[in-house]
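First comes the structure, then the notes that go with it.
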Amino acid sequence: MPECHSTNSIASELSQMTDCAEGTVVITDNQTAGRGQKGSLWMTSPGQNLTFSVVLKPSFLMPKDQFLLSMAISLGVMDYLKSELGSKQVKVKWPNDVLVESKKISGVLIENHIQGNSFDSSIVGIGLNVNQTTFGDITATSLRLEGGCEYNLPLSFTNLLSKLESRYLHLKKGKVDMLRMEYIDALFGVNEGRFFWTGNTRFEGVITGVDDFGCLKVDSALEQKKFSAKEIRV
Ligand code: BTN
């Protein structure tokens, strides 16, 4: 659609309709009230980037394993970026920001509908900076800035979808050890010392990985801790 408030909100409404098929995509040229993680906004220039949401029905996944879906999606976005940007460094900043050369190029917002102990649907919202070249004060980048040429949006969209599908199929086939390993391998800052914030407290630690629930594992001088995305800022 040419314009909408948030593709995640629309996809979420659609997913509640009985005839909504898995794989339904809502995509817009101009998202006016894009939502990001932790209540943030996702702002993007009209007609220059990809902003879309996919309805998935991962009924094969236990709700406790939902971070596996997040890993698979981040890896799909990274696969696509690597296919376009070959030699550039592509990393995932926990939980699922995708960075190229340490600058954010894509954000993912996954919203799950869970009923009892099973998945009803999952709305996978992706914003990818494609042809935008200025980002104000924000440290961000785009395919165009990194690749040095203008990208065809429909083609980028098709290629990205195919990478996402292939990672989703890995998950469906139970290749979870592989997904976990590749995700940890691609984690920005893993095994490096850096500062973290929990509330108003700053401490120094080293990211050692992510547990099965998607909590970040950090070793500090005193102890080994685990944090959910709400509890810590990296
Ligand atoms: C983040 O980095 O905080 C996540 C941003 C997710 C943005 C995408 S754009 C398409 C979809 N619709 C939304 O309202 N948000 C997601």
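The values are calculated or read from the model by the stated rules, or taken from the named source; none is laboratory data. Because the structure is a prediction, the values reported are computed rather than measured. Please note: Cβ atoms are built from the backbone with ideal geometry, for glycine as well, and neighbour counts cover all protein chains shown.
The table below lists the values:
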read-out: Qualifying residues in region 135-167 (those that are surrounded by fewer than 17 Cβ atoms within 10 Å (Cβ to Cβ) and among the polar types (S, T, N, Q)) - the one farthest from Asn30 (Cα to Cα); value: Ser166
read-out: Looking only at region 91-107, and only at residues there that are crowded, with 17+ Cβ neighbours inside 10 Å and more than 10 Å from the ligand (Cβ to nearest atom), the one that is farthest from Ser70 (Cα to Cα); value: Val100
read-out: Unmet criterion (only one of (1) under 30 Å from Cys149 (Cα atoms); (2) at pLDDT 95 or above; (3) part of a loop (DSSP other than H, G, I, E, B); (4) not β-branched (Val, Ile, Thr)) for Met78; value: (3)
read-out: Any hit, region 5-16, residues being hydrophobic (A, V, I, L, M, F, W, C), within 11 Å of the ligand (Cβ to nearest atom) and closer than 18 Å to Val130 by Cα; value: no
read-out: From Lys225, Lys217, Lys172, Lys230, residue being touching a Ser or Thr at 6+ places or on another chain (Cβ under 7 Å) and of a type outside the set (Phe, Trp, Tyr); value: Lys217
read-out: Yes/no for Arg202 being among the basic types (Lys, Arg) and within 25 Å of Leu69 (Cα to Cα); value: no
read-out: Those residues of region 110-131 which are assigned to a loop (DSSP other than H, G, I, E, B) and within 13 Å of the ligand (Cβ to nearest atom), in sequence order; value: Asn129, Val130
read-out: Region 17-28, subset surrounded by 14 or more Cβ atoms within 10 Å (Cβ to Cβ) and not in a strand (DSSP E or B), residue nearest to the ligand (Cβ to nearest atom); value: Thr24
read-out: Failed item in (1) assigned to a loop (DSSP other than H, G, I, E, B); (2) within 11 Å of the ligand (Cβ to nearest atom), with Pro46 passing the rest; value: (2)
read-out: Selection from region 201-234 of residues that are of a type outside the set (A, V, I, L, M, F, W, C), loosely packed, with under 11 Cβ neighbours inside 10 Å and without any contact (Cβ under 8 Å) to a residue 12 or more places away in the chain; value: Thr201, Arg202, Glu223
read-out: Members of region 93-108 that are in a loop (DSSP other than H, G, I, E, B) and polar (S, T, N, Q); value: Asn96, Ser102
read-out: Residues that are in contact with a helix residue (DSSP H, G or I) (Cβ under 7 Å, 6 or more places away or on another chain) and either free of Cβ contacts under 8 Å to residues at least 60 places away in the same chain or at positive phi (or both), drawn from region 145-193; value: Glu150, Met178, Val190
read-out: Test result for Lys88, closer than 26 Å to Pro154 by Cα, more than 16 Å from the ligand (Cβ to nearest atom) and more than 11 Å from the chain's Cα centre (by Cα); value: yes
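Condition check ((1) within 14 Å of the ligand (Cβ to nearest atom); (2) of a type in the set (A, V, I, L, M, F, W, C); (3) crowded, with 22+ Cβ neighbours inside 10 Å; (4) free of Cβ contacts under 8 Å to residues at least 24 places away in the same chain) across all residues:
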| position | (1), (2), (3), (4) |
| --- | --- |
| Asn30 | yes, no, no, no |
| Gly34 | yes, no, yes, no |
| Leu41 | yes, yes, no, yes |
| Phe52 | yes, yes, no, no |
| Met71 | no, yes, yes, no |
| Leu75 | no, yes, yes, no |
